[in-house]
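The structure under discussion appears below in the form of structure tokens.
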Amino acid sequence: MMAKVNWEVKDIMCEHSRYVDYFLQELRAFFKALKTSTSNIYLNEQILHSIWEAIGILVSSVFIEGFSLAKKCSNAGRALMQLDFTQFMSQVNSICPVNSLLHKELVEVYIKAYYLPETSLETWTRDHPEYSHKQLLAVINCVCQNNKRLRQKLTNALEESIQR
């Protein structure tokens, strides 16, 4: 669903993308099913916390991976990424019984990378090994979409750092 979002919009959006509602709907359905099953099976708080922690990791990964699918991204598209994730986080807190999205910072840092000046990207990609090669390359491609020479230089630097 995120792959179909147009991140190269011209105007800043005031409404989040549809996939956010879909994610929230799926989380609500999961929570309802979990609640139903725990009425028959006892799961202590530690187990429930672990389940929600795992969901938090998965959701963070889905957002980062989804954003990395953007081929091109305008400033308004970057703002849409932030809007989508902010909307998701504001709603998910009413669904999850615990603060399970402790990994939200990974998503926030990734979105902020799209705002970096081109000159800061080489350092940023080197300083963030927590993201995959593909995810780092996506940031480079979007931020440098109008500067082919710099994009190639940063891509080569990323390739070299991975080979070391």
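Of note:
- When restricted to residues that are closer than 30 Å to residue 7 by Cα and polar (S, T, N, Q), the stretch 33-88 contains 8.
- Filter result for the condition that a residue is in contact with an Asp or Glu (Cβ under 6 Å, 6 or more places away or on another chain) and of a type outside the set (Asp, Glu), over 68, 74: 74
- Flag for residue 51 being at negative phi and modelled with pLDDT under 90: yes
- Every condition in (1) over 30 Å from residue 54 (Cα atoms); (2) within 20 Å of the chain's Cα centre (by Cα); (3) hydrophobic (A, V, I, L, M, F, W, C) holds for residue 150 except the one numbered (2).
- Among the residues of this structure, residue 53 counts as one that is over 12 Å from residue 88 (Cβ atoms), crowded, with 16+ Cβ neighbours inside 10 Å and free of Cβ contacts under 8 Å to residues at least 60 places away in the same chain.
- Taking helices (runs of 4 or more DSSP H) as the structural unit, those lying wholly within the stretch 93-148 and holding at least 2 residues that are assigned by TED's automatic domain parsing to the domain that holds residue 51 and at pLDDT 95 or above correspond to 104-113.
- Of note, residue 90 satisfies the criterion of being within 23 Å of residue 17 (Cα to Cα) and either of a type in the set (A, V, I, L, M, F, W, C) or part of a helix (DSSP H, G or I) (or both).
The values are calculated or read from the model by the stated rules, or taken from the named source; none is laboratory data. Computed from a predicted model, the values in this text were never measured in an experiment. Using ideal geometry, Cβ is built from the backbone for each residue, glycine included, and neighbour counts are taken over all protein chains shown.
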